[in-house]
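The structure under discussion appears below in the form of structure tokens.
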């Protein structure tokens, strides 16, 4: 059987093909989405990010690891679509995106695919999303949750603007606003008037699932 720590090691080495192959084997062996992400992808990407912050590796190595991560996530998404594991609109929709000024989508991608793995309907707006775009999508899709990520201290203020935009649009009492990202904390979440702080992809998926009425 696949050792999920091998997925982490392969990702850290930037071996995109090997990472995808290991994920494919794990899926075939009926590993859960939670375990693949929590024991494989998340530890691998966190290790790479930590090494980058300590300047033990540089941007080219980081980008190679991100490519391996993205290919792995793409494979997981394709598997969910093929298996028809989406519950649909009636269960609850989540709008997700990285805020304006933030063009890194790794954490956001992990959260989106984890939520999809639980059966939630996820509308991924991508990176660099304005507060207005979050609200427009939430209204159009009748979303229960807006999840905003901010991975740079300089763009954290955008999270507060999303909350303000929800208030101004009149949907604040109909939508739960979740925030996440490397510099974001529970204290900051409370300070800006958001509802929930997600420390990682698994926590974000579980909270969104509970809001949308899933049981675990």
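Read-outs throughout are calculated quantities, based only on the coordinates presented, and are distinct from any laboratory measurement. Since the structure is predicted, the reported quantities are computational estimates derived from the model, not experimental observations. Ideal geometry is used to build each Cβ from the backbone, glycine not excepted, and the neighbour counts take in all protein chains shown.
At a glance:
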read-out: 0 to 90° range, to nearest 10: angle between helix 106-118 axis and the chain longest Cα axis; value: 90
read-out: Mean Cα-pair separation over length for the chain, i.e. relative contact order, pairs under 8 Å, 6 or more apart, %; value: 18
read-out: Computed E for residue 53/residue 142 - FRET, C-beta separation, R0 35 angstrom, nearest 0.05; value: 0.35
read-out: Value of relative contact order over the range 1-77, rounded to a whole percent, pairs C-alpha under 8 Å and six or more apart; value: 45
read-out: GNM flexibility winner over the chain from 42, 123, 171 (Cα, springs under 10 Å); value: 171
read-out: Pair residue 28, residue 210: separation of 7 Å Cα→Cβ label points (nm); value: 3.7
read-out: FRET efficiency for residue 168 and residue 46, using Cβ-Cβ distance with R0 set to 45 Å, rounded to 0.05; value: 0.80
read-out: Nearest 10 degrees, 0 to 90: helix 131-141 Cα axis against the chain principal axis; value: 90
read-out: Global geometry of the range 116-166, whether rounded, prolate or oblate, following the gyration tensor of its Cα atoms and the 1.5 cut on a/c; value: oblate
read-out: Percent of Cα-Cα distances greater than 19 Å, calculated over the range 1-83; value: 31
read-out: Cα Rg, Dmax, the chain, angstrom units; value: 16.9, 53
read-out: Rounded tilt (10° steps) of 16-28 against the dominant C-alpha axis of the chain; value: 80
